[in-house]
Amino acid sequence: MKELPEGVRVYNKTQTYTDKTTPGMMKSDHQTRIGVWGKIIVLKGQVNYLIPADDEEVVLEPGLDGIIEPTTLHKVDPQPGSKFYVEFYRK
């Protein structure tokens, strides 16, 4: 699993989402800006984290965070009963 690079600091975070409240854009391919990393933090249940360019799918759950690299297309598929949020990091 990818890790955040040294020297980045959290500067923003989303609200907490469920499988029913996750915005549609997060369920479709999207990306962060240049220099912006993300961390998907699951509080409850499971969230499938997909990175199409790497043909990678990771099942995230509490204690297993998903790292979003800058400008990398990705999407999430929250499973029923899940709760999660995303923190954003930059130097």
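Only the coordinates and a few stated rules stand behind these numbers; no lab work does. If you're wondering where the values come from, they're calculated on a predicted model, not measured in any experiment.
Observations on the structure shown:
- Shape class of the range 1-42 from the Cα gyration tensor (axes a ≥ b ≥ c, square roots of the eigenvalues): prolate, since a/c reaches 1.5 or more and a/b is larger than b/c.
- Which labelled figure in (i) 12.1, 35; (ii) 18.0, 66; (iii) 11.9, 32 is Rg and Dmax of the Cα atoms in Å, once derived from the coordinates: (i)
- Relative contact order, percent, the chain [alpha-carbon distance under 8 Å, six or more residues apart]: 45
- Taken over the chain, lysine pairs spaced eight or more positions apart, or on distinct chains, with alpha carbons under 20 Å apart number 23.
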